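S.K.: One structure, as structure tokens, below. Some questions next.
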Amino acid sequence: MKPSVNPILVGIIAGLVAAILMVVSPALPVIAPIAAMTALFIAGLGFGRVAGLLAVVVAAAALGTLASSIEFAFIFGATLLPAAIMSQLAGLARPASEIGGPETALAWYPLSDILLAGAALVALATLCLVLVAPLDAYFTEEIDRLSAIITEMNPLAAPTAGDKLQMLATLKTFSPVPIAAGNMISFFGGFYFAMRILTAFKRNVRPREDVRSSLRMNRLALAVLVGGIVLMFVGGTVGLIGASFAGAVGGGFLLAGFAVIHNALRDKPWALPALILTYMVSLIPAVGQILIMSFGLANPRRAVAITPANSNETSDTQN
């Protein structure tokens, strides 16, 4: 029997840990955000919805206090909320007999649907961030710096004021894509490591799945991605909405692409060098990510984890 733990205390501790990790994230840009999400998912996946939601509230309040801004507290809350929602969805299960499975088994909420819900929330949070955060000044500074370099190299090619405005508009429209995609990767990283930690300590509610075979985006996500890309080219606020959704869902397909590759290389004697090459390719700006993402795009599906009642052993069925 699992020892009783106060979910409120867990939520407070997890929220404070997540806030501290978010503060140090500029120094550890990949590790710290994933570790922060791991703390939030441990609360939500292992100790229930109260702990998960409280962890998000505490983290947002702490970060808002450090920034001396209620506005930023709400932005941080919206940014971190997907962890609580995804944790709640991950704990949902129903009798497998309802989808044609065994009478004595449970069917868990599909990982692909959890990712899509997370992507939608990440997109909305990213949209709030880019609409509220003062990105114009940052982009203008970067454009001026780039213009100075170009002018020094070739004075005849110096960007005009109109060129700078066009560059600013383009940057503003496309900026949500990497932000949303990066957040999706952080959230899934947190989900994955939290599941491993909770399983090791036998605190997991949802059975741990074979991520290589179950991590996919469903077919609805394809439509959302296409719609987001189309809206990006409209420009303005509509373009920002499209870019936010395209980036978040694209991040999900990128994760699915890695999972497809890992699954294809399962038990191969040359898997390690192939995976090293894969991750090296993924570091190539834009081209590498699109190449990996194409594997996820080519294999959309909705796998449902089936477990015997009161068991942590899982098998996947495809819908």
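The values are calculated or read from the model by the stated rules, or taken from the named source; none is laboratory data. Please read all numbers here as calculations on a predicted model, not as lab measurements. Positions of Cβ are generated from backbone atoms using ideal geometry, with glycine treated the same way; all protein chains shown enter the neighbour counts. Side chains included, ligands, DNA and RNA excluded: accessible areas come from the protein's heavy atoms. Shrake-Rupley method; radii C 1.70, N 1.55, O 1.52, S 1.80 Å.
S.K.: Pop out the carbon and sulfur fraction of the accessible area of the range 33-155 as a percent, whole number, probe 1.4 Å.
M.R.: With neighbouring chains kept in place, the figure for the range 33-155 is 69 percent.
S.K.: About the Cα centre, and with charges only on the beta carbon of Lys, Arg (+1) and Asp, Glu (-1), how big is the dipole of the chain? Nearest 20 debye, please.
M.R.: 840 debye
S.K.: Per the Kirkwood definition applied to all pairs of different Cα atoms, how many angstroms is the hydrodynamic radius of the range 251-299?
M.R.: Kirkwood hydrodynamic radius for the range 251-299: 10.7 Å.
S.K.: Compute the normalised compactness of the range 201-256: alpha-carbon radius of gyration over 2.2 N^0.38 Å, N being the residue count. Intermediate results must be reported in sequence, preceding the final value.
M.R.: Numbers: Rg = 15.4 Å, N = 56, 2.2 N^0.38 = 10.2 Å.
That ratio works out to 1.52.
S.K.: Output the 0 to 90 degree angle, nearest 10, between the alpha-carbon long axis of helix 49-66 and the longest principal axis computed from the alpha carbons of the chain.
M.R.: Helix 49-66 sits roughly 30 degrees off the main axis of the chain.
S.K.: Okay, next question. Compute, for Thr237, the solvent-accessible surface of its heavy atoms (probe 1.4 Å) with the complete set of protein chains present, and express it in square angstrom to the nearest 10.
M.R.: Counting only protein heavy atoms, the figure is 80 Å².
S.K.: Ok, one more. Leaving out ligands, DNA and RNA, and with a 1.4 Å probe, what % of the accessible surface on the range 162-218 is carbon or sulfur?
M.R.: C and S fraction of accessible area: 67 percent.
S.K.: While we're on this one: Given the rule -39500 (n - 2.57) for each run of at least 4 DSSP H residues, summed and divided by the residues of the chain, what is its mean residue ellipticity at 222 nm, to the nearest 500 deg cm²/dmol?
M.R.: Value at 222 nm, helices only, nearest 500: -23500 deg cm²/dmol.
S.K.: Hey, another quick one. Explain nothing, just the number: relative contact order of the chain, from Cα pairs under 8 Å at least 6 residues apart, as a whole percent.
M.R.: Computed value for the chain: 19 percent relative contact order.
S.K.: When the dipole is taken about the Cα centre of the range 70-209, and only Lys, Arg (+1) and Asp, Glu (-1) are charged at their Cβ, what size is it in debye, to the nearest 20?
M.R.: Numbers: 9 positive and 11 negative charges, 137 e Å.
The dipole of the range 70-209 has a size of about 660 debye.
S.K.: Can I ask one more? Apply the a/c threshold of 1.5 to the C-alpha gyration tensor of the range 135-208 and tell me whether it is rounded, prolate or oblate.
M.R.: Note, shape of the range 135-208 comes out prolate.
S.K.: With contacts defined as alpha carbon pairs under 8 Å and 6 or more residues apart, what's the relative contact order of the range 256-312 in percent?
M.R.: Reported as a whole number, the value is 46 percent.
S.K.: Here's another thing I want to ask about it. On a straight-distance basis, which aspartates and glutamates could pair with Lys202 in a cross-link, Cα separation under 18 angstrom, same-chain partners fewer than 8 positions away excluded?
M.R.: Asp210, Glu313
S.K.: Based on the Kirkwood radius over alpha-carbon pairs, what value in µm²/s does the Stokes-Einstein equation return for the translational diffusion coefficient of the range 190-319 at 20 °C and 1.002 mPa s? The partial results should precede the final answer.
M.R.: On the way: Rh = 16.4 Å.
The diffusion coefficient I find is 130 µm²/s.
S.K.: Now, a different point. Sorting Val10, Val238 by accessible area (1.4 Å probe), largest first, what list results?
M.R.: Ranked from most to least accessible, the order is Val238, Val10.
S.K.: log₁₀ I(q)/I(0) of the range 91-250 at q = 0.14, 0.15 Å⁻¹, via Debye over equal Cα point scatterers, no solvent, to two decimals?
M.R.: Per q value, in the given order, log10 I(q)/I(0) is -0.82, -0.89.
S.K.: Could you pull the accessible area for Asp144 with a 1.4 Å probe, rounded to 10 Å²?
M.R.: Its accessible surface works out to 70 Å², give or take rounding.
S.K.: Using R₀ = 30 Å, calculate the FRET efficiency as 1/(1 + (r/R₀)^6) where r is the Cβ-Cβ separation of Leu277 and Leu222; round to 0.05.
M.R.: Using R0 = 30 Å, I get an efficiency of 0.65.
S.K.: Sort Val304, Val132 by heavy-atom solvent-accessible area, probe 1.4 angstrom, most to least.
M.R.: From most accessible down to least: Val132, Val304.
S.K.: Using a probe radius of 1.4 Å on heavy atoms only, what accessible surface per residue do you get for the chain? Whole Å² is fine.
M.R.: 50 Å²
S.K.: Something else about it: Which of Val132, Leu53, Ala246 sits farthest toward the positive end of the charge dipole of the chain, with +1 on the Cβ of Lys and Arg and -1 on the Cβ of Asp and Glu?
M.R.: Leu53
S.K.: Using the Karplus curve 6.51 cos²θ - 1.76 cosθ + 1.60 with θ = phi - 60°, work out ³J(HN,Hα) for each residue of the range 108-115 in order, rounded to whole Hz, and write x for Gly and Pro.
M.R.: Along the range 108-115, the couplings run 8, 4, x, 4, 5, 6, 4, 5 Hz.
S.K.: Please arrange Val260, Val226 by accessible surface area, largest first, computed with a 1.4 Å probe and ligands excluded.
M.R.: From most exposed to least exposed: Val226, Val260.
S.K.: Here's another thing I want to ask about it. Evaluate the Debye formula for the chain with equal point scatterers sitting on the alpha carbons, no solvent, and hand back log10 of I(q)/I(0) at q = 0.08, 0.11, 0.13, 0.15 Å⁻¹, in q order, two decimals.
M.R.: Each listed q maps to, in turn, -0.41, -0.75, -1.01, -1.28.
S.K.: Let me ask something else. What accessible area, in Å² to the nearest ten, does a 1.4 Å probe give for Phe74?
M.R.: Looks like 150 Å² after rounding.
S.K.: Still on this model: Does anyone have the angle between helix 161-174 and the longest principal axis of the chain? Alpha-carbon axes, 0 to 90°, nearest 10?
M.R.: 0 degrees
S.K.: Over the range 49-205, what is the relative contact order in percent, taking alpha-carbon pairs closer than 8 angstrom and at least six residues apart?
M.R.: 17 percent
S.K.: Angle between the Cα long axis of helix 271-282 and the longest principal axis of the chain, 0 to 90 degrees, nearest 10?
M.R.: 40 degrees
S.K.: Where nothing but the Cβ of Lys and Arg (+1) and of Asp and Glu (-1) is charged, how large is the charge dipole of the range 195-319 around its Cα centre, in debye to the nearest 20?
M.R.: The dipole magnitude comes to about 240 debye.
S.K.: Follow-up question, since we're still on this one. State the Cα centre-to-centre distance between the range 41-101 and the range 234-313 in whole Å.
M.R.: Here the two parts' Cα centres lie 23 Å apart.
S.K.: Still on this structure, please answer the following. Calculate log10 I(q)/I(0) of the range 2-133 for q = 0.10, 0.19 Å⁻¹, where I(q) comes from the Debye formula with a single equal point scatterer on each Cα and nothing for solvent.
M.R.: -0.36, -1.05
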